[in-house]
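What follows is a single structure, written as structure tokens, with notes after it.
Rule-based calculations on the coordinates, nothing more; no lab input. The model shown is predicted, which means the values in this text are computed figures rather than measured ones. Cβ coordinates were reconstructed from backbone atoms using ideal geometry, including for glycine residues, and neighbour counts include every protein chain displayed.
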2 protein chains.
Amino acid sequence: MHILLTNDDGYFAPGLQTLYEVLSECTDHDVSIVAPEGQRSATGHSITLFNPLFVTEYPLRDPIKGFAISGTPSDCVKLAVQGELIPKPDLLISGINQGSNLGTDIFYSGTVSAAMEGVLLGIPSIAVSLASFEYKEFKPAANYLVENLDRFLKLEHHGLLNLNIPGKPREEWGGLKVTRLGKAVYENIFEKRTDPRGRVYFWQSGSMMQDYEDDTDLRAIQEDYVSITPVHSDLTDFDCLSIWKELLVKTK
Amino acid sequence: MHILLTNDDGYFAPGLQTLYEVLSECTDHDVSIVAPEGQRSATGHSITLFNPLFVTEYPLRDPIKGFAISGTPSDCVKLAVQGELIPKPDLLISGINQGSNLGTDIFYSGTVSAAMEGVLLGIPSIAVSLASFEYKEFKPAANYLVENLDRFLKLEHHGLLNLNIPGKPREEWGGLKVTRLGKAVYENIFEKRTDPRGRVYFWQSGSMMQDYEDDTDLRAIQEDYVSITPVHSDLTDFDCLSIWKELLVKTK
């Protein structure tokens, strides 16, 4: 297989580089990297229309290539595939992200959005996140993904696969749980400050509330399970369609 | 009702300002504006975590207020509601956007993402777009929304309502169609150039291909109908959940 690696933490982030090393050492797959040149967390599915995109090439093993892009994670995937920086990949992996990407938070995630862009371009795509900002050992998570890649790819699915791995030593992980996306709710979101010129500004932060529903990815990670969620790409609310058609004709 | 207006074209964009005028003149609703200080098209659902958010207040009719924010459309909605810049609104309207927001393109849209942020915060939300970059008459679209607001709000729905209006004089519009999201496919996406220092860069553009499926929002707008699509906020692919649970246990 030809695998495209990308992320939102940037080309040289240890999560991506560790996954590249493990894929290169432990498999026969060709691995290209097309990733943002720097930190792009929380950039969601944004793309760059009002600035040019610059490309810096880094040497990888021939014939595969590595490119750092001045844009967003979704720009990277579009430029890699539609801009033909690399041959069309058989699989896209976005990550390993430093920090979880769970529940409704995936809307904000550059990591998950890059995988979604892959899906929109017809490429099977996996987003992988290590669910901690402090724990920095990416190798167990990379090994886990590589060990399980074949069975994950056998799952019939037209969307993306969102994988979150506990940010702890492997012996503390529970098993694998198939989960639905939970609702991530935050409190104390904005911190108000005053700059040296007296202007008011806000920092966005906040802590996640700890009241998670059963069967969700949030709960699984809270209980130290590996979480896998099938995510689709059609936001149409089909349950409403026929009802709305009738109602809007009636009330015309 | 207290209505929060936002957009991704910026606080002073004519689409938002025209909608504000029509809502203020033709209804009794209180209307607050919290919108980006400048152009934020294609910023998707990105939020600002690594920069402070500055707020500029503009006078509107008392007691309602207008704020321009240094961040993204989703920042605006979060800061308005979670940062309590304004009282919690009963309805959020994002737009009127210059240009359509249709099909899978809504992933990139700051306009639709702002409305999605409203939904995540429990506020009924409508995204409104004028489906042309050239046609600049926003008043007929604003009037249409105001005339139909009550019947749209009677539709039971837990997601957002994505409304696209033809970018043409009203007498050329067809009726209202309830649609599903289509698949927006582009060709000739990237234009390669060389800067004065000899560095290669890319502009992202591309034209949409014109082969749309029945019942989609893309087709409706192509045929000059007003398009309304119910959009939900749960990206879980529920069709796969139980099958995956069984398969992953089997192959363990």
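Express as a percent, rounded to the nearest 5, the fraction of DSSP beta bridges in the stretch B:6-133 (both residues included) that run antiparallel.
Values: 5 of 15 bridges.
Here the antiparallel bridges make up roughly 35 percent for the stretch B:6-133.
About the Cα centre of the protein assembly as shown, how large is the charge dipole given +1 on each Lys and Arg Cβ and -1 on each Asp and Glu Cβ? Please answer in debye to the nearest 20.
About 580 debye.
Residue ranges A:154-162, A:131-139, A:116-124 sort as A:116-124, A:154-162, A:131-139 when ordered by packing (mean number of other C-beta atoms within 10 Å per residue, highest first). Nearest-5 percent of antiparallel DSSP beta bridges in the protein assembly as shown? Approximately 40 percent, going by the DSSP bridge assignments. Over all projection directions, the Cα-based convex hull of the stretch B:1-145 averages an area of 7.9 nm².
Averaging the Cα positions of each part gives two centres, and for the stretch B:132-204 and the stretch B:8-53 these lie 16 Å apart. Inter-copy label distances at B:His29, using a point 7 Å along Cα-to-Cβ, come to 4.8 nm with the shortest given first.
Starting from 0.36 nm per residue, how many nanometres of slack lie between A:Gln39 and A:Arg193 once their C-alpha separation is accounted for? Spell out each step's value before the answer.
Working: separation 154, 0.36 × 154 = 55.44 nm, distance 2.43 nm.
My answer for the length gained is 53.0 nm.
Sorted from shortest to longest, the distances between the A:Trp173 label points of this copy and the other copies are 5.3 nm, with each point 7 Å from Cα along the line through the beta carbon. Counting, for every residue in B:240-247, the Cβ atoms of other protein chains within 10 Å of its Cβ and taking the mean gives 6.
By the rule of a C-alpha distance below 18 Å, with chain neighbours fewer than 8 residues away ignored, the lysines paired with A:Lys177 are A:Lys154, A:Lys168, B:Lys245, B:Lys250, B:Lys252.
Which three semi-axes in whole Å describe the equivalent ellipsoid of the stretch B:199-249, each the square root of 5 times a Cα gyration tensor eigenvalue, listed largest first?
Details: eigenvalues 223, 115, 25 Å².
Largest first, the stretch B:199-249 gives 33, 24, 11 Å.
Is the shape of chain B best called rounded, prolate or oblate, per the rule: a/c under 1.5 gives rounded, else a/b larger than b/c gives prolate, else oblate, with a ≥ b ≥ c the square roots of the Cα gyration tensor eigenvalues? Taking the square roots of the gyration eigenvalues as a ≥ b ≥ c, chain B is rounded.
Using a 7 Å projection from Cα along Cα-to-Cβ, the label point at A:His2 is separated from the same position in the remaining copies by 5.5 nm, smallest value first.
Overall, the ratio between the Cα radius of gyration of the protein assembly as shown and 2.2 N^0.38 Å, rounded to two decimals, is 0.96.
Take the Cβ-Cβ distance between B:Phe238 and A:Ser242 as r, set R0 to 25 Å, and report the resulting FRET efficiency rounded to the nearest 0.05.
Details: r = 18 Å, r/R0 = 0.74.
The pair B:Phe238/A:Ser242 has a calculated efficiency of 0.85.
Over the whole of B:224-236, what's the average partner chain Cβ count within 10 Å per residue? Rounded to a whole number, please. Don't jump to the answer; show the numbers that get you there.
Values: counts 0, 0, 0, 0, 3, 6, 9, 5, 7, 6, 10, 18, 14.
That average works out to 6.
Let me know the shape class of the stretch B:129-252, please: from the alpha-carbon gyration tensor, a ≥ b ≥ c as square roots of the eigenvalues, rounded when a/c is under 1.5, otherwise prolate if a/b is greater than b/c, or oblate. Oblate shape, in that a/c is at least 1.5 and b/c is the bigger or equal ratio. Counts of other chain beta carbons within 10 angstrom of each beta carbon in peptide A:45-58 average 6.
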